[in-house]
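Data first, discussion second: the structure below is written as structure tokens.
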Amino acid sequence: MKGMGSKIVSDANAFVKFLKLCQDESKDNCTFMDEISVLLVEKEELLHNIISGNQPVFVCEKAQPKCEAESTDTSADTSVVEETLYKVEQDLGPQPLSVMKARQLLSWYTMAHNPNMPQVEVPGALHPLWVRCDKSDPCAIAWLGVETVYSGNKTSGVKLYTVCCKGPTGDETSFTTLDELKQEHQNRHHPSTVATKGYAQYNMFCSLKEESMMFESQSSVIASLTWNNVDKVLECPPLSSKATLNIKVSVGDIRSPLYQTNREMEFLLALAEGLRTGETEWLESMETQSAVDLTRALIEELENLAHGVPGHTDKLSEKQKAKRDATAVFSSMVIERGDLDFTEQLWEKMRRSVTSYQDITECLKIVVKAVKLGKIKPWIHKDSNSTLSKLILQSYQQQIDTMPLTGLTPANMLLELGLDKIRKDFINYLVGKELTTLNYLSYYLDTDVDLQEQVIRVRKLQHLLEILGTCSTFLSLPHDRLFLFTQSCLQYYKTSNYDEDHVFQLQIKPALISYFYEKEQPFSWGMEVSSGQGSKEVKTALYLSDKPLVDHISFDLDVPLDESVNGECEKMSYYRAMVSCSLISFT
């Protein structure tokens, strides 16, 4: 018996020293005793709110088996088969350990932190430990976890977590009730009073039945609501809830209110990328006429009119208006302006038709020649910043700089025209809608930085407008919310890289979105019963989700998950997880 005890102590010592080594060297994947993989996971929600905060945790799972050749004399064919087998093993994803093995790992961790067991040397503070389990016990345990509880600087105990999971069902009578959850908590902790809290998440895009929404998309708007004092399972969040919109928007979505502007940005980005890398992927021309013919026609139109009188744009404005009206049918977010100057009209013609650097050079040669000869004196916005605009402004005083249109100069000039035009479009919308001021936009409008950096900043503005388009057009959010949200997004992108996967958050009153979520079923719902304070707080929780809450075990599907008929919503099926916690005191 003594030998067995010393074996447990030596194993516990070896395990915690191994964890400490992984932690100190920040190794994100180590193998213990050839059978257990230990991963150091940072800032990742493994399962809803079970692991609170952003602290790193250890995750233990079954080590992936490695296929090795039995002898060195192996044919090429056999090694290919073995490589394939190894890849199949890798593709299985994370694999669980037995519940018995998980309990052993947790006991070693607990022994190391128990001051009453000096035989096991605690090597210093360790991250919490979570172990994937195979659900082989009667309670169907999928996770076991442990974290240290401190009283001042001293270890006073540990919290042990148990996560039991069940497969999906739409039968609400099989869900754990609030009373059952309270009773489970009471049996474990015997508190005098308990508090309850609810969680719900809704996919806001699912509420929109318009035909324009029936496309696969990377964009999402998730409403997350939390509230106190839960009455029953799957209850609708009350209007007193705390609500947050989690908004992730992909540029280029066909259902976007900015779809036409995105086509314009697509050409700008292709041009900028070509100048940066030396390889340009030209977009297909949207015009039947060539770029050169369209440019000549624009010059001739100006020559036939009264030498740059602003009224010369009337005809074009009608075209713009028709285009704008067509866009307005699709959405209420109109970015296009009716006051396009000559360089902006030229950009519009060229970005729809050029398919080579030769096209750009020829078009700009025609324009520069007409300006130099005084054939046209077109109207230009006074704050235009492009090389061509400056050249045209010089022509008003018959003082034109020499402009050699060679090499990449014409392409850079066209890029300037696009940046100038799109910037004005975006400013016009943001300032015109009183969502921000020019002062707030100064970072995005800076033309002293190089052209590639200007492109990056305009692209950030485009992403911001996509997000605002989603909020105003689809969610009909009020102006005061949009104003504050705009400032926070502008601030974020001043210091952050362009990222379509970034989730922007907006605090909101539930009443503004209740008409969406009250008629929808949440894709995720949870309730927790809690007692105790600070580090001694303990919780018992139930989580429901339309997707599996664990990724290392499979479930028997009692019902088909997609029960919708002709697009009508049926009862949603939920995966279930029960999370319980035990507080073990060392004192």
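Worth a mention:
- Going through (1) surrounded by fewer than 18 Cβ atoms within 10 Å (Cβ to Cβ); (2) modelled with pLDDT of 95 or more one by one, Arg188 falls short only on (2).
- Unmet criterion (only one of (1) within 25 Å of the chain's Cα centre (by Cα); (2) open to solvent by less than 80 Å² (accessible area, probe 1.4 Å); (3) at pLDDT below 90) for Asp551: (2)
- Hits in the range 154-190 (condition: among the aromatic types (Phe, Trp, Tyr) and under 23 Å from Gly534 (Cβ atoms)): Tyr161
- Boolean, Ser384 is among the small types (Gly, Ala, Ser), out of contact with any Gly (no Cβ under 9 Å at 6 or more places or on another chain), buried (at least 16 other Cβ atoms within 10 Å of the Cβ) and outside any loop (DSSP other than H, G, I, E, B): no
- Residue match in the range 446-453 (condition: in contact (Cβ under 8 Å) with a residue 40 or more places away in the chain, assigned to a helix (DSSP H, G or I) and open to solvent by 60 Å² or more (accessible area, probe 1.4 Å)): no
- Hits in the range 242-272 (condition: within 24 Å of Asn412 (Cα to Cα) and among the small types (Gly, Ala, Ser)): Ala270, Ala272
- Just so you know, in the range 39-61 the residues that are at pLDDT 90 or above and in contact with a helix residue (DSSP H, G or I) (Cβ under 9 Å, 6 or more places away or on another chain) include one that is surrounded by the most Cβ atoms within 10 Å (Cβ to Cβ), and it is Cys60.
- From the list Thr355, Thr343, the one residue that fits, being within 30 Å of Pro257 (Cβ to Cβ) and open to solvent by 30 Å² or more (accessible area, probe 1.4 Å), is Thr355.
- Residue match in the range 409-432 (condition: out of contact with any His (no Cβ under 6 Å at 6 or more places or on another chain), outside any helix (DSSP H, G or I) and not acidic (Asp, Glu)): no
- Residue pairs meeting the criteria (Cβ under 6 Å; at least 6 apart or on separate chains; first small (Gly, Ala, Ser), in the range 35-57; second in a strand (DSSP E or B) and at pLDDT 60 or above): Ser37/Thr31; Ser37/Glu61
Residues are listed down the side, and each one gets a yes or a no for (1) assigned to a loop (DSSP other than H, G, I, E, B); (2) at pLDDT 95 or above:
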| residue | (1), (2) |
| --- | --- |
| Ala200 | no, yes |
| Cys206 | no, no |
| Ser217 | yes, no |
| Ser256 | yes, no |
| Thr261 | no, no |
| Thr280 | yes, no |
| Ala306 | yes, no |
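- The residue that is nearest to Arg188 (Cα to Cα), counting only those in the range 129-174 that are among the hydrophobic types (A, V, I, L, M, F, W, C) and part of a loop (DSSP other than H, G, I, E, B), is Cys139.
- Taking each residue of the range 10-29 that is touching a residue at least 40 places away in the same chain (Cβ under 8 Å) and under 14 Å from Leu106 (Cα atoms) and looking for partners that are among the hydroxyl-bearing types (Ser, Thr, Tyr) and open to solvent by 30 Å² or more (accessible area, probe 1.4 Å) with beta-carbon atoms closer than 8 Å, six or more apart or interchain, yields Ala12/Ser107.
- Of the candidates Lys135, Lys182, Lys197, the single residue that is open to solvent by 30 Å² or more (accessible area, probe 1.4 Å), closer than 17 Å to Val59 by Cβ and under 38 Å from the mean Cα position of the chain (by Cα) is Lys135.
- Considering the range 410-445, and only residues there that are among the β-branched types (Val, Ile, Thr) and surrounded by 15 or more Cβ atoms within 10 Å (Cβ to Cβ), the residue that is modelled with the lowest pLDDT turns out to be Ile427.
- Meets criteria (touching a Lys or Arg at 6+ places or on another chain (Cβ under 8 Å) and of a type in the set (S, T, N, Q)) for Ser26: no
- Meets criteria (surrounded by fewer than 18 Cβ atoms within 10 Å (Cβ to Cβ) and hydrophobic (A, V, I, L, M, F, W, C)) for Leu373: yes
- Any hit, the range 162-176, residues being under 27 Å from Leu21 (Cβ atoms) and either free of Cβ contacts under 8 Å to residues at least 24 places away in the same chain or in contact with an Asp or Glu (Cβ under 8 Å, 6 or more places away or on another chain) (or both): no
- Among the criteria (1) in a helix (DSSP H, G or I); (2) in contact (Cβ under 8 Å) with a residue 60 or more places away in the chain; (3) touching a helix residue (DSSP H, G or I) at 6+ places or on another chain (Cβ under 9 Å), the one Lys494 does not fulfil is (2).
- Members of the range 462-480 that are open to solvent by 60 Å² or more (accessible area, probe 1.4 Å) and assigned to a helix (DSSP H, G or I): His479, Asp480
- Residues being crowded, with 19+ Cβ neighbours inside 10 Å and under 18 Å from the mean Cα position of the chain (by Cα) - total across the range 505-523: 1
The values are calculated or read from the model by the stated rules, or taken from the named source; none is laboratory data. Treat the numbers as computed from the prediction; the structure is a model and nothing was measured. For neighbour counting, all protein chains shown are included, and Cβ atoms are generated from backbone atoms with ideal geometry for every residue, glycine included. Protein only, heavy atoms only, side chains kept; ligands, DNA and RNA dropped before computing areas. Shrake-Rupley method; radii C 1.70, N 1.55, O 1.52, S 1.80 Å.
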